[in-house]
């Protein structure tokens with residue numbers, strides 16, 4: 001198969017005018033710098049709890065020795081997550097921050113280990129890792145003579161890269177590993193094609209040689225051809241194993257690249273099934289050391305394997321834990337998945353793909369439907385060739401989505417790894433089709449008009465970057481920063497209790513609380529003790545506000561009792577989206593609650609999809625000295641007042657809850 005057969009045209013081949021002008025890479029470098037800048041701002045948006053609770057919360061507790069909310073996936077009885085990659089991607093940056101902070105504190109008496117640095121340091125590491133996808137895309141395009149400028153600009157302008165690519169998601173690591181895997185496989189395919197082409201050419205020359213001298217020369221040239229069958233075998237196997245231990249769903253993403261790596265050149269005169277079986281065996285053997293490494297590290301971390309057991313030679317199979325197997329065992333049980341939400345099988349194709357890639361997603365789905373139609377009509381020649389780069393990218397997009405659609409729990413972030421295949425296949429489709437110079441529409445001072453697809457692409461990515469990067473749960477980080485300052489300035493024997501409603505889980509690692517489980521030794525008295533906890537959180541999720549009020553009353557009663565018996569002061573807070581403040585006031589006013597409240601602070605902007613702002617209707621709220629209440633019969637008198645009340649709903653309220661000193665009578 002000749003190398004030139006892989007080339008496909010980015011522009012309309014029927015256009016006979018001037019050759020298309022290459023796009024400048026200046027927009028790409030601007031977008032690449034923007035990715036770093038948005039990471040350092042930082043983005044206050046809180047996309048999903050897993051960006052903290054599957055990496056930062058776990059690793060920060062071990063590296064910084066602080067109190068954290070350790071998620072159930074990392075429990076020691078049945079762990080389903082490997083700790084190796086999180087320690088490499090999050091643990092190393094936090095270790096550097098801890099040591100560098102201690103040096104700065106010692107030399108300059110400045111504490112740089114703040115909530116800001118704890119938030120930004122792991123994200124900056126994730127941001128730098130995301131550039132692996134850019135580099136992989138560039139190298140693939142160069143290997144196959146494709147337009148890398150358009151694709152790089154499209155990739156860098158995607159909100160998937162700007163937002164998800166700078167967060168510590170395991171899905172982000174899947175994107176990085178799959179991009180690197182696709183680059184290595186594409187490089188192997190290109191290299192094998194060239195070697196096989198030369199080998200077949202020299203074989204024909206050897207067969208038609210007329211003299212022994214000519215045959216000897218051709219034989220020497222064939223012998224000088226480099227080996228290609230096992231190129232990058234160890235690296236491909238290592239990346240595959242690392243991806244599976246990072247998240248076992250990586251099997252679905254890695255299957256197409258591995259399939260194409262094994263089938264390189266199969267069917268040609270020089271590559272047969274013997275080479276296929278040799279590649280398969282070598283691939284399996286190459287992955288075994290990495291598998292053993294991950295298993296041993298996880299077994300030590302979760303306490304299944306200890307040094308004493310190794311020294312006493314009391315090691316059995318029960319001393320090892322294989323987290324991917326536990327992950328699969330947990331997720332094949334539909335009852336377990338029901339706890340996280342069940343979704344229809346078509347959600348990935350009809351909702352998640354367009355949500356992640358808007359124009360590119362719709363084009364990808366339409367292209368896939370056309371492929372199915374052509375296959376049903378037996379138009380085999382119009383389908384991607386099995387050993388081409390288009391076939392590799394198409395399979396790397398379709399196969400994972402079909403596989404993941406079989407599982408009833410589906411989230412958009414699960415499809416982040418297919419970003420590179422989508423961009424490679426369809427980025428050039430958004431560019432305006434070149435027209436004849438006479439028909440080309442030109443705007444004075446701006447050049448050719450931008451295609452409407454490209455306009456839609458940039459518009460949606462800007463909106464989604466603003467929404468997920470800064471608005472969605474955007475008040476949580478400022479809240480944690482405020483609580484961190486309060487924990488440092490509060491009186492010594494004062495305990496904080498924080499109740500959250502219709503808000504994501506609070507990442508306690510940002511508070512840098514002393515590890516309450518750590519045993520402290522007093523050298524003067526010789527006693528051992530544990531520091532008492534001074535911060536408690538109570539997550540109410542999306543439960544009705546009536547239950548939230550009952551929870552507050554119970555907590556207030558317990559705190560008052562401990563205040564009398566143990567002489568412990570307390571501060572009780574409620575964290576609530578501003579869009580629910582009116583309902584909360586109404587419930588308190590109608591139920592004659594035993595506590596009063598006051599607004600300590602409001603953090604803007606904040607949008608909670610569990611409690612969206614009310615764009616139509618509404619009521620004005622009033623407050624007396626006891627409790628706030630609303631008059632639902634009042635109507636906004638002016639558009640400015642309506643806009644003002646609407647903007648007030650885009651916030652996260654921190655309310656101080658105290659015991660009512662006197663009763664309130666309703667007239």
Would you check if there is a residue in region 477-485 being assigned to a loop (DSSP other than H, G, I, E, B), closer than 18 Å to residue 45 by Cα and in contact (Cβ under 8 Å) with a residue 12 or more places away in the chain? no
Any idea how many residues of region 189-215 are more than 25 Å from residue 230 (Cα to Cα) and surrounded by 19 or more Cβ atoms within 10 Å (Cβ to Cβ)? 0
Answer with yes or no whether residue 318 is in a helix (DSSP H, G or I), at pLDDT below 95 and surrounded by fewer than 12 Cβ atoms within 10 Å (Cβ to Cβ). yes
Subset of region 585-606 [buried (at least 21 other Cβ atoms within 10 Å of the Cβ) and either at pLDDT below 95 or out of contact with any strand residue (DSSP E or B) (no Cβ under 9 Å at 6 or more places or on another chain) (or both)]: 588, 597
For residues in region 219-231 being free of Cβ contacts under 8 Å to residues at least 40 places away in the same chain and assigned to a loop (DSSP other than H, G, I, E, B), which is farthest from residue 185 (Cα to Cα)? 224
Listed residues 271, 297, 241, 234; which is assigned to a helix (DSSP H, G or I) and crowded, with 19+ Cβ neighbours inside 10 Å? 241
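The values are calculated or read from the model by the stated rules, or taken from the named source; none is laboratory data. The structure displayed is predicted, hence computed values, not measured ones. Positions of Cβ are generated from backbone atoms using ideal geometry, with glycine treated the same way; all protein chains shown enter the neighbour counts.
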